[in-house]
Amino acid sequence: MLVYPSGIDLSSSTLRHLSRLLSTRRRERGTRWRRLSADRQALLVLAHLRCGHTYAQLAAGFGVGIATVYRYVAEAVLVLAAVAPNLAAAARTAARKAFVILDGTLLPIDRIAADRPYYSGKHKRHGMNVQVIADPFGRLLWASPALPGAVHDIKAARTHGVIEALAEASARCWADKGYQGRNSRAPTAPFGSRTAAAGTSSPRARRPSTSPTPGSARSASR
């Protein structure tokens, strides 16, 4: 297999942050030796998570076995998940924002045709449904655990308790039409959408009045 240099569109601070987390985990576990340093492991993991390089490609590029790549990636994912904010913390952060954005995304996976629970009719492929809360600039505040791709966005939001958490924190949230049909018995969250999809309509959705003004009435009578 050929090996070539490549690049990742991430900052060096991201690499240093993950490297520190991995170094701390190694000290906690009393690890004395690894095939790759914490810095190299962090780079390997970021190449997989950001660029989607396969285990075989990373194994060839970093000079380790495929099983080692799998263990390195799995370890890093656990480390990152441990420091990620939970939904309650994300809702408190959302309350301090002008508004937040709730949306669902499909993480593509390889499944056989018989695995219907993982097939998304919307995206026409197999995957996992992940709900995401972002700030007005698109920065990630929270990502949910993954559900099978056939799960609708509104059902996924109910399953994770997203609507209730945002309502309790009095956070204003914008969502698309995939969140129509909320259960009326659920707490009323301050939802809005340009398509009036998830609750209250936005100012852009209001139509101007069609009643004649005094000036237009005088012009019509002339």
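Tabulated data
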read-out	value
Residue count, the range 57-67 (criterion: part of a helix (DSSP H, G or I), in contact (Cβ under 8 Å) with a residue 24 or more places away in the chain and among the aliphatic types (A, V, I, L, M))	1
Candidate set from the range 68-103 (those that are assigned to a helix (DSSP H, G or I) and polar (S, T, N, Q)); member that is least open to solvent (accessible area, probe 1.4 Å)	Thr68
Tally, over the range 8-56, of residues that are within 23 Å of the chain's Cα centre (by Cα) and in a loop (DSSP other than H, G, I, E, B)	7
Residue among Ser144, Ser170 that is at pLDDT 90 or above, out of contact with any Asp or Glu (no Cβ under 8 Å at 6 or more places or on another chain), at positive phi and not aromatic (Phe, Trp, Tyr)	Ser170
Residue match in the range 43-61 (condition: modelled with pLDDT under 95, open to solvent by 40 Å² or more (accessible area, probe 1.4 Å) and in contact with a strand residue (DSSP E or B) (Cβ under 9 Å, 6 or more places away or on another chain))	no
Residue match in the range 23-39 (condition: modelled with pLDDT of 95 or more and open to solvent by 70 Å² or more (accessible area, probe 1.4 Å))	yes
Candidates Pro136, Pro117, filtered to the one that is more than 16 Å from Lys177 (Cα to Cα) and part of a helix (DSSP H, G or I)	Pro117
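The values are calculated or read from the model by the stated rules, or taken from the named source; none is laboratory data. Everything numeric in this text was worked out from a predicted model, so none of it was measured. Glycine also receives a Cβ, built like all others from the backbone with ideal geometry; neighbour counts cover every protein chain displayed. For the accessible areas, the whole protein counts, side chains as well, though only heavy atoms, and no ligand, DNA or RNA atoms are used. Shrake-Rupley method; radii C 1.70, N 1.55, O 1.52, S 1.80 Å.
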